[in-house]
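Following: one structure in C-alpha cells, then a few remarks.
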Amino acid sequence: MFFSAPSARKSHQKRDKNDRASTRHILLAVAFLFGHSLQAHAEWQYEEHYIFGTSVTIQLWADDSLQGKKAMDAAVSELWRIHNALSPLIDSTELFQLNTNGHPGPVVVSEELAMLLDKSLFYGATSEGAFDITFASLGYLYDYREGKKPTAEEVAKLKSAIDFTKIELNPETREVRFLDPRIKIDLGGIAKGYAVEKIAELLPELGINSATISAGGDSRVIGDKRGQPWIVGIRNPRSEESAIRIPLEDFAISTSGDYERFFIDSETGERIHHIINPSTGKSASDVASVSVIGPSGFETDPLSTTLFVLGREKGLSLIEQFKDYDAIFFDHQGKVHFSSGLMPPE
Ligand code: AMP
Ligand code: MG
C-alpha cells in the first residue's frame with residue numbers, strides 16, 4: 001500500500017479548504033502507519049512451513065514484535081539448515097555423500113552428523129536393533145505416496161543389510177565406514193526431534209521464553225503459555241479427534257503412528273507404513289501409535305520410533321529404564337496403555 005503525495009505543481013496558496021483537509025488526513029494516516037509499524041508491541045506470532053517433508057509450525061510470544069520476527073526468521077533458517085544437511089534425497093547433503101561413499105569409506109563427517117550417528121548407534125544398541133538407521137538399505141524401496149513396496153525377493157536380499165553394527169564411527173577422527181556395500185542410512189527417526197530441540201535452545205537465546213514448535217509428530221514447548229501450561233493433544237490413531245490432552249511446560253513430545261505415512265496393500269489388505277521392523281523388513285505392527293514425553297526432543301523422537309517397533313510389552317519395559325521419560329501406547333482396539341510415571345498413584 002502507498003499514498004500518492006499532493007501534486008508538486010500545486011502551490012500552497014492555491015489549495016482550497018478541501019485540499020488542506022485531505023493533506024491533513026494523509027499526514028495523519030502516514031504518522032499513524034509509521035507509528036504503528038515502528039513501535040514495537042507484544043504479540044503472538046505464528047508461522048507454518050513445509051520442511052522435512054511435513055508441516056512445521058512455530059508459535060511464539062514476543063514482548064517486542066520486531067525481536068519476535070527476528071527470532072522466528074532465525075528459527076526457520078536453522079530448520080532449513082538442518083534439513084539441508086540431513087536430507088537423504090538432495091545430492092549435495094553430507095548424508096547423501098555418506099550413503100554414496102560410506103563403503104568402503106572412510107568419510108569424515110561434521111561434528112553434528114557424528115553426534116547424530118553416535119546417538120543413533122546408542123539407540124540401536126539399547127533397543128537391540130529395533131531402532132536402526134540402516135533400515136534405509138531396504139526402506140528406500142518403499143514409496144508410501146505411490147503405494148509401492150519391495151518384492152519378497154528384494155526383502156530377502158536386503159534384509160541382512162539392515163544392521164547398524166556394520167557402521168563404524170571413530171568419534172575422535174569422525175571417520176565413518178560402512179562395512180557392507182548395500183548399506184544406506186536415513187535419520188528420519190531422529191532428525192526432527194533434534195531439530196525441535198535446537199530451536200528450543202535458540203529461541204531463549206533470542207529473548208523468546210514462551211513458544212511451541214511442532215514438526216510432524218515431534219513437538220517441543222518452551223516455557224509456559226503466559227502463566228498457564230501448554231496443552232498438547234494426542235490423537236486417537238483411528239480418528240481425527242484429540243483423545244488425550246496433557247499439560248506441559250518446557251517439555252517434548254514425539255508420536256510415532258501407523259497413520260502418518262501409509263497405504264493399504266490392495267492384495268493383502270495390510271497397512272504398509274513408514275516405520276520398519278528391522279527384523280522382518282516390513283512395517284512394525286504391534287501397536288497403532290506411541291507417544292513419548294520427556295525433557296528433550298532429541299530423546300523422545302528416537303524413543304517413540306523405537307517403542308513403536310518394540311511394541312507394547314517390550315516398549316513399556318524399555319521406557320522404564322529412561323528416567324523422566326514416559327510413554328502412551330494406543331493398541332489396535334483403541335485402548336490406551338501408560339508407562340508407570342503416568343499412572344495415577346494407587
Ligand atoms: P517417527 O515418525 O519419528 O517414528 O519416525 C519414522 C521415520 O523413522 C520413518 O519415516 C523413517 O525415516 C525412520 N525409520 C523407520 N523405521 C525405522 C527404524 N526401525 N529405526 C530407525 N528409523 C526408522
Ligand atoms: Mg520418532
Q: Restricting attention to strands (runs of 3 or more DSSP E) lying wholly within the range 215-255, give those where 2 or more residues are within 20 Å of His337 (Cβ to Cβ).
A: 230-235, 242-248
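Report, by residue number, each residue of the range 145-177 that is among the aliphatic types (A, V, I, L, M), closer than 16 Å to Ile133 by Cβ and outside any loop (DSSP other than H, G, I, E, B).
Matches in the range 145-177: Leu158, Ala161, Ile167, Leu169, Val176.
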(Q) Can you pull out every residue in the range 180-230 that is closer than 19 Å to Leu79 by Cβ, within 16 Å of ligand 2 (Cβ to nearest atom) and among the β-branched types (Val, Ile, Thr)? (A) Ile190, Val196, Ile213
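Quick check on Phe135: is it in a helix (DSSP H, G or I), surrounded by 13 or more Cβ atoms within 10 Å (Cβ to Cβ) and aromatic (Phe, Trp, Tyr)? Step through it out loud before you land on a result.
Values: in a helix (DSSP H, G or I): yes; surrounded by 13 or more Cβ atoms within 10 Å (Cβ to Cβ): yes; aromatic (Phe, Trp, Tyr): yes.
Answer is yes for this residue.
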**Q.** Candidate set from the range 129-154 (those that are within 15 Å of ligand 1 (Cβ to nearest atom) and hydrophobic (A, V, I, L, M, F, W, C)); member that is nearest to Gly311 (Cα to Cα)
**A.** Ala130
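Residue-by-condition table, conditions (1) within 23 Å of the chain's Cα centre (by Cα); (2) within 29 Å of Ser296 (Cβ to Cβ); (3) not acidic (Asp, Glu):
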position	(1), (2), (3)
Glu111	yes, yes, no
Leu117	yes, yes, yes
Gly147	no, no, yes
Ala161	no, no, yes
Glu172	no, yes, no
Leu179	no, no, yes
Q. Do we have any residue at all in the range 184-198 that's more than 14 Å from ligand 1 (Cβ to nearest atom) and of a type outside the set (Phe, Trp, Tyr)?
A. yes
**Q.** All positions within the range 67-109 that are touching a residue at least 60 places away in the same chain (Cβ under 8 Å) and within 16 Å of the chain's Cα centre (by Cα)
**A.** Ala75, Glu78, Leu79, Ile82, His83, Leu86, Pro88
Q. Residues in the range 318-332: is at least one more than 23 Å from the chain's Cα centre (by Cα) and farther than 20 Å from Phe122 by Cβ?
A. yes
Q. Within the range 321-342, which residues are part of a loop (DSSP other than H, G, I, E, B) and either loosely packed, with under 12 Cβ neighbours inside 10 Å or among the charged types (D, E, K, R) (or both)?
A. Gln321, Lys323, Asp324, Asp331, Gln333, Lys335
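Look through the range 280-303, keep the residues that are part of a loop (DSSP other than H, G, I, E, B) and at pLDDT below 95, and return whichever of them is farthest from Ile208 (Cα to Cα).
Thr280
The values are calculated or read from the model by the stated rules, or taken from the named source; none is laboratory data. Worth saying up front: this structure is predicted, and the values here are computed from it rather than measured. Neighbour counts are summed over all protein chains in view; Cβ atoms, including those assigned to glycine, are modelled from backbone coordinates with ideal geometry.
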